[in-house]
1. Applying 1/(1 + (r/R0)^6) with R0 = 22 Å to the Cβ-Cβ distance of residue 372 and residue 43, what FRET efficiency is obtained, to the nearest 0.05?
2. Kindly provide the GluC sites (Glu not before Pro) of region 363-445 that DSSP labels as loop, not H, G, I, E or B, and whose Cβ sees at most 10 other Cβ atoms within 10 Å.
3. Starting from the Cα of residue 178, step 7 Å along the direction of its Cβ; do the same at residue 433; then give the gap between the two resulting points in nm.
4. When we measure straight from the Cα of residue 426, which lysines land under 25 angstrom away, once same-chain ones fewer than 8 places off are left out?
5. Going highest first, how would you order 79-90, 16-27, 328-339 by mean Cβ packing within 10 Å?
6. Hey, what's the Kirkwood Rh for the chain if you take every pair of different alpha carbons, in angstrom?
7. Give the residues of region 18-44 whose amide nitrogen is closer than 15 Å to a point set 7 Å from the Cα of residue 68 in the direction of its Cβ.
8. Using Cα pairs closer than 8 Å and at least 6 residues apart in sequence, work out the relative contact order for the chain, in percent.
Amino acid sequence: MFESLLVANRGEIARRIIRTARRLGVRTIVVHSEADADLPFVQEADEAVCVGPANPVQSYRNPEAILAAAKSTGARAIHPGYGFLSENADFARTVEANGLVWVGPGADAIAAMGDKINARNLMAAAGVPVAPGTTDPAETVEAALAAAEVIGYPVMVKAAAGGGGMGMAVASDPAGLRTEYDRVRAFAERMFGDGSVLIERYFPRVRHVEVQILGLPDGRVVALGERECSVQRRNQKLVEESPSPAVSARLRERLLAAAVRAGEAVGYRNAGTVECLLVPGQRDAQGDSADSAEFFFLEMNTRLQVEHPVTELVYGVDLVEEQLRVAAGLAPTFDPDALAPRGHAIELRVNAEDPVRFLPGPGAVTAWTEPTGEGIRVDSGYALGTTVTPFYDSLMAKLIAYGADRAEAIDRARTAVAGFEVAGPKCNLPFFAELLDNAEFVGGDYDTGIVGRMRAPK
């Protein structure tokens, strides 16, 4: 194991990585912006380096500043967390070219999965189901219209270089496709520097299910179960749980096998996530559609996911430790042939946003009391006296509840939400209190439209 690690991220994920590194005896260095100087992750690291102003392009997304910090502090490895430079293949190559260890998949795998069209084609060749869609970018609106006629409406218009739910729109007819094509293309050029657009079949009722994979130093790829991520606003996740209430044992076997094939197709190493759309099948006499459901590859996230704690609790592993071990060329702490889930975990993303329209509301934290109790875990980036600024994602903390089964996890989550006090910034905790009493969610038969239905005019 390397003796020092630079964490090229901020907030809760930086604290999360520091916690495991410290337990392993690894010295930690963090980089931070001027706006984050007083946050807990800066205080908790063994060393901290300011790499620029609040603008992430000048700090957390600045490869030169981060590499300079690594060299000046004697860091031997870099963990990028999620977001920022975590899926930047050029940065991964540069890190390794400078003699440092990159805690993540190889640059070639990052590049291969970073383009949604290329990723779709690779997965199809590997036998992983993909939704009907284009195999090449739709270079013009006319090409998009022609593709949609073959695929069938409604269609999803997606930025090929996008991610995190950004650069996506639904078109129900040719007129809508003309509008959304131009909008998505312009957004993609502005946000990602790549205006390539992909057209895919859109499924009105669908669930978002993903599989955690880990590529080991010996070349094997293992799957650590699935996570349900269908509670979303603006195509971005709010709640995740594992196992998925929609996945039967037989469906799980198919889903995990496909995720392993996906990882093997790109020689994957380290932690990653294969995201899929799950389309419910015809219900049988017992009302169950899980075994007849179809799933389609959506994308692969070549990094640690925000929602990794639910997998950690259900499988009894520390995914950050496994990441560090893979990067160091060490075997995992678990037996890959004896992986088995136990219990149920639910994660709630506590954001600085209002609980009705989900619009961000940063501010100084004037009250902060985290819940405790059996089965409760809180991964937070803030504390009393800190300030949530408008420069970064609104995530303040992740509240995770674990139980022997889903009912117990939901019950513990309800109690924890009621005991989580946040004042100053806006906060979406009241939404979670509502969700955890929602019959559709509690019953487990929900889809990506659940938030829209909850917020529809009565």
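Quick note: the coordinates plus some simple rules give every number you see, no bench work behind them. What you see is a predicted model; the values in this text were computed from it and never measured. Please note: Cβ atoms are built from the backbone with ideal geometry, for glycine as well, and neighbour counts cover all protein chains shown.
1. Values: r = 21 Å, r/R0 = 0.98.
E between residue 372 and residue 43, to the nearest 0.05, is 0.55.
2. When the GluC sites (Glu not before Pro) of region 363-445 are filtered for loop state and at most 10 Cβ neighbours within 10 Å, 374 remain.
3. Those two pseudo-labels are separated by 4.9 nm.
4. Partners found: 237, 398, 458.
5. On the way: 79-90: 21.0, 16-27: 18.3, 328-339: 12.8.
So the order, starting with the most tightly packed, is 79-90, 16-27, 328-339.
6. Values: mean 1/r = 0.0442 Å⁻¹.
Roughly 22.6 Å, rounded to one decimal.
7. What the label zone holds, given the 15 Å backbone N cut-off, is 31-34.
8. Numbers: 1019 pairs, mean separation 65.8, N = 458.
Computed value for the chain: 14 percent relative contact order.
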